[in-house]
Amino acid sequence: MSESEFSYFFLAFSDPYLLVLTVAGTFAGIYIGAIPGLSVTMAVSILISFTFSWEVNNALALMIGVFCGGVYGGSRSAILLNIPGAPSSIATSFDGFPLAKLGEAGKAIGVSTVISVVGGLIGVAVLALAAPVVAEFALTFASRDYLLLAFIGLLLVGSLSGKSMAKGVFAGALGVTFGMVGMDPLTAEGRFTFGTVALLGGIHYVIAMIGLFGVSEALFQLRMLKVKPVKQDVSKILPSWKVILKYLPLSIRTSTIGVIIGALPGTGGDIAALMAYDHAKRTVKNPSRPFGEGAYEGLIAPESANNAAIGGSFIPMLTLGIPGDAVTAVMIGALYIHGLKPGPMLMVETPHLFWLIVGLLLLANVFTLILGLTGIRIFAKFMELKKGILIPIIIVLSVIGTYTIQNSITDVYWMLGFGIFGYIFKMYGFQVAPIILGIILGPLMDMSYRRAMMSVQNDIPAFFLSLVTNPLTLVLTLATILMLVSQIPIWAKAKKTLFRTAENPPK
Amino acid sequence: MKNDRKLEAGETAFTWIMTIFSIFVLVLAYRISGLSSVSSPGAFPMLAAIIMCGSMVTLLLGNRKAVKPDSNGLIDELRMAAQDIFHPVFLVYTAVIILYMILLQPLHFIPSSFFFLLGSIILLKGSTPVKSLIISAVLLVCIYVVFHYLFRVVLP
C-alpha cells in the first residue's frame, strides 16, 4: 500500500464537497430507513439514476451515507412503530418495540444509536484491516455451505419469535414456499404460478414485508383504537457512559458476529442481526428484562451486528465482486455505471478507491452518531399521534412503498392480501418474521441445495458425506446440528432436569 | 394430560384450514416435476410443503391437549371467532382500504388519498371532521412533496 493510495482515506474528511454529500446522504438515509415502506435498497437504486453523471467520489459519498444512515434509521421505526424499516431491523423490533410500549423509546434510541456506531466502526476497522483475509475465507465457501448457512438463519427465527416452535417452523416453511413462487432461475420453469404470466416474476419480498409488518400491524392496531398511546420519554436520549460501558462487551461480541456474517456473500445485516440476537439470548444470563419484553441486551445485539455487517458486506463486494446483500448488489451496479469493475482487479487497478470508501464509511458513522442523537423528538411524535391518524398514514405509506417497487397496482393488492393474512396469523399466535426470512432465504437455500446436489450427481449419500468431509462444511454442519438439537423441546427439558440435579444433588 | 395453553376461539378450525392448505401446497409442489430427481425444480418446494404439513399435524396433536375455548359447540366457537377477529371496525376499514385501492388509478393518487385520509380519520375517530379536513390536506401535501419532489418516486 503506497502513501498516495492511503491519502484517499483522508480525502473523505478534507474535501468539503464530500463532507456535505456524506452528511446529506446520512440524514436522508436515517429518515428513509425510518419511514415504513421505504427501503435503503430502493433509495440507493433511485440515487443511481441521478448520480451516474456525477464524479465517482461524489456518488459514492452520497450512496454510502444513505446506506449507513438507512440501516441505522430502520431501527427507529422498529422501536417506535414495530415496523422494521429494513430487513436488518427485524430483530431490533423484538425488544425495541416492547421498550417503546414501556415509554422508554428515548433511552432505547439513544443506546441503539451509540451501539450502532460502535458496531459500524468495528465493521469499518475489519474492512480496512482484514479485507483480503476474510475475502479469501469467503471465497472457499461452496454451495452446500450456503445451504447450511441459510438453514441456520432460518432455524434461528423459528425459535426466536413466538411461544410455539411448530407455529414458527410452519411460518418459516410458508415463507420459503412464497419465495419459490415464480420462474425457477435454473430451468426457467414456473413454480406455483397456476399457469399465469403475472406470477412468473415471483413475489417481491418487500411487498410481503410491507404487508406483513405494515398493514397487518395497522389492522391489528384497529383493536386498540381506544387505548391511549404511551407518551414516549425522549427528553433524555444521551445515554450515560456507565450504560455504554456496561453493554460494550456484548456489542463487541455481536459486532464480530455481524462483520463475519456480513462478509459472507449472500448474507447481510438481516441474518447477522438475528444471529446476534440469538447469541445474546443464549449468553446473557441476567438481562435487564426478559428477552422479548424490553431487554436492552436484545436491542443492542442486533443493532451492533447489522451496522457492523455494513463494513463486512463491502469485503466480498469490493474484493470479489459478489454482493453481501441487496444494497451492495445495487452498489455493484453503481460502480459498473462509473466504469469500475468490482472484484479482485478493483483492488489492483484502483486501490485508492478502496481507501476512499473506508474513509467515507468512517465519516458516515460519525455523522450517524451526531444526526442520530438529534431530532428524535419529531419522529417520536408519531407515537403520540392518535391511532385514528397513525393507521391511515401507515396505509398510505405502505401503498406508496409497494407501488414504487414495480409501479404495479397488482402489487398493492398483494400487499393488502399479505396484510390481512398477517393479521389473522397474529391473532392466532403465529409470528410474521419467519415468513419474511423464509421468503428471503428460501430462494438462496433452493439454489444452494440444488447446486450442491448437482455437484455430487444427485447422489444422496455423497451429498451427506460432503457435509462432513470438508473442514469448513463440517464446522457449519456441527453448528447446524447443535442449533437444531438445542431447539428440540426434549433437549430443553433434559437441560432443566440436569441443572436441577446439579443444583440439588441427590443425597 | 392437559397443558396450560388455552386455545383461542376458532384456533383449531384455523389450524385445520392451514393443514389442508399445506396439503394443497404439497400437491402443487409435486406437480412441478414429480419425483424425477432430488435436484429438480419441485424438490425444494416439496420439502418446504412437507415441513408445513408436519408442523401443522404437530400443532393439531398439541391442540388436543390444550384447554378448549368456552363455547357451546363448533358453530358457537366459529361465531365467537368471527366476532373477535372480523369485528365490525375491521370489516368496514378493510372495505375502505379496498375501495381506496380500486379508486387509486381512476381518481389518481391525490384525490383518492385525500378522501381516504379524510374518511379514515373521521371513521377511526382520529379527530373532528373539520380538523380531519385540515390534517388530511397537510398530510397529503407533505407526502406529495417528500415522495414526488424529494424521492422522485412514481406515485400511483
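The values are calculated or read from the model by the stated rules, or taken from the named source; none is laboratory data. Fair warning: this is a prediction, and the values are worked out from it, not measured in the lab. No Cβ is skipped: glycine too gets one built from the backbone with ideal geometry, and neighbour counts run over all protein chains shown.
Things to note:
- Qualifying residue in the range B:129-139 (condition: within 8 Å of chain A (Cβ to nearest Cβ) and modelled with pLDDT under 95): yes
- Checking the stated criteria, A:Gly422 turns out to be more than 8 Å from chain B (Cβ to nearest Cβ), buried (at least 24 other Cβ atoms within 10 Å of the Cβ) and part of a helix (DSSP H, G or I).
- Residues of the range B:108-125 satisfying the condition of being crowded, with 19+ Cβ neighbours inside 10 Å and within 23 Å of the chain's Cα centre (by Cα): B:Ser112, B:Ser113, B:Phe116, B:Leu117, B:Ser120, B:Ile121, B:Leu124
- Test: B:Leu91 is more than 7 Å from chain A (Cβ to nearest Cβ), farther than 17 Å from A:Ile393 by Cα and not small (Gly, Ala, Ser): yes
- Residues that are surrounded by fewer than 17 Cβ atoms within 10 Å (Cβ to Cβ), free of Cβ contacts under 8 Å to residues at least 24 places away in the same chain, of a type in the set (Phe, Trp, Tyr) and not in a helix (DSSP H, G or I) are absent from the range B:132-150 altogether.
- Residues in the range B:100-128 that are of a type in the set (A, V, I, L, M, F, W, C) and either closer than 16 Å to A:Ile391 by Cα or not in a helix (DSSP H, G or I) (or both): B:Met101, B:Phe114, B:Phe115, B:Phe116, B:Leu117, B:Leu118, B:Ile121, B:Ile122, B:Leu123, B:Leu124.
- Close pairs (8 angstrom Cβ cut-off, 6 or more residues apart or separate chains): surrounded by 16 or more Cβ atoms within 10 Å (Cβ to Cβ) in the range A:240-259, part of a helix (DSSP H, G or I) and aromatic (Phe, Trp, Tyr) anywhere: A:Tyr247/A:Tyr296
- For the range A:181-202, a tally of residues being modelled with pLDDT of 80 or more, in contact with a helix residue (DSSP H, G or I) (Cβ under 7 Å, 6 or more places away or on another chain) and either part of a helix (DSSP H, G or I) or more than 9 Å from every other protein chain (Cβ to nearest Cβ) (or both) returns 1.
- Matching option when the condition is at the interface with chain A (Cβ under 10 Å from one of its Cβ atoms) and not in a helix (DSSP H, G or I), among B:Val38, B:Val57, B:Val96: B:Val38
- Of the residues in the range B:67-75, none is under 25 Å from the mean Cα position of the chain (by Cα) and either within 11 Å of chain A (Cβ to nearest Cβ) or of a type in the set (Asp, Glu) (or both).
- Residue match in the range A:394-401 (condition: touching a helix residue (DSSP H, G or I) at 6+ places or on another chain (Cβ under 7 Å), within 19 Å of A:Met224 (Cα to Cα) and in a helix (DSSP H, G or I)): yes
- Scan the range B:41-54 for residues that are more than 17 Å from A:Gly179 (Cα to Cα) and not in a helix (DSSP H, G or I) and the total you get is 0.
- Qualifying residue in the range A:170-180 (condition: at pLDDT 85 or above and in contact with a strand residue (DSSP E or B) (Cβ under 6 Å, 6 or more places away or on another chain)): yes
- Condition met for B:Pro69 (in contact with a strand residue (DSSP E or B) (Cβ under 9 Å, 6 or more places away or on another chain) and either in a helix (DSSP H, G or I) or of a type outside the set (D, E, K, R) (or both)): yes
- Evaluating B:Leu155 against the criteria (1) facing chain A (nearest Cβ under 7 Å); (2) under 16 Å from A:Ile391 (Cα atoms) leaves one unmet condition, (2).
- Residue in the range A:180-193 that is surrounded by fewer than 24 Cβ atoms within 10 Å (Cβ to Cβ), over 24 Å from B:Ser40 (Cα atoms) and hydrophobic (A, V, I, L, M, F, W, C) present: no
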